[in-house]
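The values are calculated or read from the model by the stated rules, or taken from the named source; none is laboratory data. No experiment lies behind these values; they were computed from the predicted model shown. Here the Cβ positions follow ideal geometry from the backbone for every residue, glycine too, while neighbour counts run over all protein chains shown.
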Amino acid sequence: MNIEDIIKPENLVFKKTGLLTEKPLSYCPGCGHGVAHRLVMEVIEEMGIEEKTIGIAPVGCSVLAYEFMNIDMQQAAHGRAPAVATGVKRVLPDHFVFTYQGDGDLAAIGTAETIHACNRGENITIIFINNGIYGMTGGQMAPTTLPGMRSSTSPYGRDVASMGHPLKMTELVAHLPGTCYVARHAVHTPANVTKTKKSIRKAFEYQRDKKGLSFVEIVSNCNSGWKMTPVDSNQWMEENMFPFYPLGVIKDIDAKTK
Ligand SMILES: Cc1ncc(C[n+]2csc(CCOP(=O)(O)OP(=O)(O)O)c2C)c(N)n1
Ligand code: SF4
């Protein structure tokens, strides 16, 4: 097949969403952030809500999310995205508002903002990227770092006795009455990408239907911070992160119960 045939519209099998800008992503090759960005933007495009969606960019490796996401964005200080999202949504209740946050942002510096926004049931969506460390600043231990996991500030591995237990934010917020949909997924294989996108879609639909706060965690790799190749980091994630952070839908207030 020559190139003219390949680019015929009828032969097109994948097209990048127009809601991602042409700006080259600043992420390390192999990092999950880029795929997560794409899925959020695809959902917004497929729902046709790009003109009335506002994203809140975090601090961390995805601090430049507003450069990559071709929608209205507002930058928040580290950890404060749920508070900023609360304000934006209350001023513009007919708009869709989401935050995009790493685990240092959401589970450490912004623990209070996260828990209270979830507990208040703010009608927003939180996308939480959990790579188990502080990626941007050099791989320091985060509340999500696994027991025994090495980081630049726990070079011999996280010792629970002195450094405390990892914080499972997703299970925690699922207990709060204000959350309507809480799920944990991954984006390192096509099957996982499909499930994650479905959940992100549901999260935005629940926001549309004013059901409360929807929360989607994406367990991701930080191959640079973990000091592994992308392939090794994905395998390490499967073997170590998933047993501790099991994937699946944790709470769905509309799920049919027997
Ligand atoms: C209040 C505050 N504390 C610390 C920092 C420094 N800082 C910037 S990025 C970062 C780590 C980000 O890690 P995470 O949120 O997990 O995102 P990742 O880079 O892993 O995607 C830290 C500690 C800051 N900017 N503001
Ligand atoms: S440092 Fe880690 S989280 Fe940040 S872009 Fe690189 S791989 Fe991704």
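Taking the criterion of being of a type in the set (D, E, K, R), in a loop (DSSP other than H, G, I, E, B), within 16 Å of ligand 1 (Cβ to nearest atom) and more than 12 Å from the chain's Cα centre (by Cα), would at least one residue in the range 195-213 satisfy it?
No - not one qualifying residue is present in the range 195-213.
Just for the range 52-64: of the residues that are buried (at least 23 other Cβ atoms within 10 Å of the Cβ) and closer than 21 Å to LEU92 by Cα, which one is nearest to ligand 2 (Cβ to nearest atom)? Write out each step before concluding.
Step one: list which residues in the range 52-64 are buried (at least 23 other Cβ atoms within 10 Å of the Cβ), which gives 53, 55-56, 58, 60-62.
With closer than 21 Å to LEU92 by Cα added as a condition, the list becomes 53, 55-56, 58.
Details: THR53: 24, GLY55: 18, ILE56: 18, PRO58: 12 Å.
Checking each candidate, the answer is PRO58.
Which one is surrounded by the fewest Cβ atoms within 10 Å (Cβ to Cβ), of the residues in the range 26-51 that are touching a Leu at 6+ places or on another chain (Cβ under 9 Å) and not charged (D, E, K, R)? Don't jump to the end; show me each part of the working.
Initial filter on the range 26-51 (touching a Leu at 6+ places or on another chain (Cβ under 9 Å)): 26, 31, 33-34, 37-38, 40-42, 44-45, 50.
Going one step further and asking which of them are not charged (D, E, K, R), we end up with 26, 31, 33-34, 37, 40-41, 44.
On the way: SER26: 15, CYS31: 24, HIS33: 26, GLY34: 18, HIS37: 24, VAL40: 29, MET41: 24, ILE44: 25.
Looking at residues that are touching a Leu at 6+ places or on another chain (Cβ under 9 Å) and not charged (D, E, K, R), I get SER26.
Can you tell me which of (1) surrounded by 21 or more Cβ atoms within 10 Å (Cβ to Cβ); (2) without any contact (Cβ under 8 Å) to a residue 40 or more places away in the chain is the one ASP232 doesn't meet?
(1)
Among residues belonging to the range 205-222 that are of a type in the set (Ser, Thr, Tyr) and closer than 17 Å to VAL43 by Cβ, point out the one that is farthest from ligand 2 (Cβ to nearest atom).
Of the residues in the range 205-222, the ones of a type in the set (Ser, Thr, Tyr) are 206, 214, 220.
If we keep only those that are closer than 17 Å to VAL43 by Cβ too, we end up with 206, 214.
Working: TYR206: 28, SER214: 23 Å.
Among them, the one singled out is TYR206.
Any residue at all in the range 128-140 that is surrounded by 22 or more Cβ atoms within 10 Å (Cβ to Cβ), closer than 30 Å to ILE44 by Cα and more than 16 Å from ligand 2 (Cβ to nearest atom)?
no
Just need a number here: residues in the range 214-246 that are more than 17 Å from the chain's Cα centre (by Cα), more than 16 Å from ligand 1 (Cβ to nearest atom) and not in a helix (DSSP H, G or I).
Qualifying residue count, the range 214-246: 1.
crowded, with 18+ Cβ neighbours inside 10 Å and within 26 Å of LYS210 (Cβ to Cβ), is that true of LYS168? Step through it out loud before you land on a result.
Values: crowded, with 18+ Cβ neighbours inside 10 Å: yes; within 26 Å of LYS210 (Cβ to Cβ): no.
No: the conditions fail for LYS168.
Name the residue that is nearest to ligand 1 (Cβ to nearest atom), counting only residues in the range 63-81 that are part of a helix (DSSP H, G or I) and within 15 Å of ILE129 (Cβ to Cβ). Quick ask: steps written out before the conclusion?
If we filter the range 63-81 for residues that are part of a helix (DSSP H, G or I), which is where we start, we get 63-68, 81.
In the following step, the residues that additionally are within 15 Å of ILE129 (Cβ to Cβ) were identified as 63-65, 68, 81.
Values: VAL63: 7, LEU64: 11, ALA65: 10, PHE68: 13, ALA81: 10 Å.
Among residues in the range 63-81 that are part of a helix (DSSP H, G or I) and within 15 Å of ILE129 (Cβ to Cβ), the one nearest to ligand 1 (Cβ to nearest atom) is VAL63.
So is TYR134 among the hydroxyl-bearing types (Ser, Thr, Tyr) and within 16 Å of the chain's Cα centre (by Cα) or not?
yes
Scanning the range 86-115 for residues that are in contact (Cβ under 8 Å) with a residue 40 or more places away in the chain, closer than 21 Å to ALA36 by Cα and more than 16 Å from ligand 2 (Cβ to nearest atom), which turns out surrounded by the fewest Cβ atoms within 10 Å (Cβ to Cβ)?
Across the range 86-115, the extreme among qualifying residues is PHE96.
Just to be sure, is THR99 assigned to a loop (DSSP other than H, G, I, E, B) and in contact with a helix residue (DSSP H, G or I) (Cβ under 6 Å, 6 or more places away or on another chain)? I'd like the intermediate steps shown before the answer.
Values: assigned to a loop (DSSP other than H, G, I, E, B): no; in contact with a helix residue (DSSP H, G or I) (Cβ under 6 Å, 6 or more places away or on another chain): yes.
No, not satisfied.
Per-residue answers, yes or no, for (1) on the phi > 0 side of the Ramachandran plot; (2) assigned to a loop (DSSP other than H, G, I, E, B); (3) modelled with pLDDT of 95 or more:
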residue	(1), (2), (3)
PHE14	no, yes, no
THR17	no, yes, yes
LYS23	no, yes, yes
TYR27	no, yes, yes
ALA36	no, no, yes
MET41	no, no, yes
ALA83	no, no, yes
GLY87	no, no, yes
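State all residues of the range 135-182 that are touching a helix residue (DSSP H, G or I) at 6+ places or on another chain (Cβ under 6 Å) and in a loop (DSSP other than H, G, I, E, B); if no residue qualifies, say none.
Across the range 135-182, the qualifying residues are GLY135, MET136, GLY139, ALA142, PRO143, THR144, LEU146, PRO147, LEU167, LEU176, GLY178.
As an exercise: evaluate GLY121 against (1) more than 16 Å from ligand 2 (Cβ to nearest atom); (2) at negative phi and give the number of the one condition it does not meet.
So GLY121 meets the others, but not (2).
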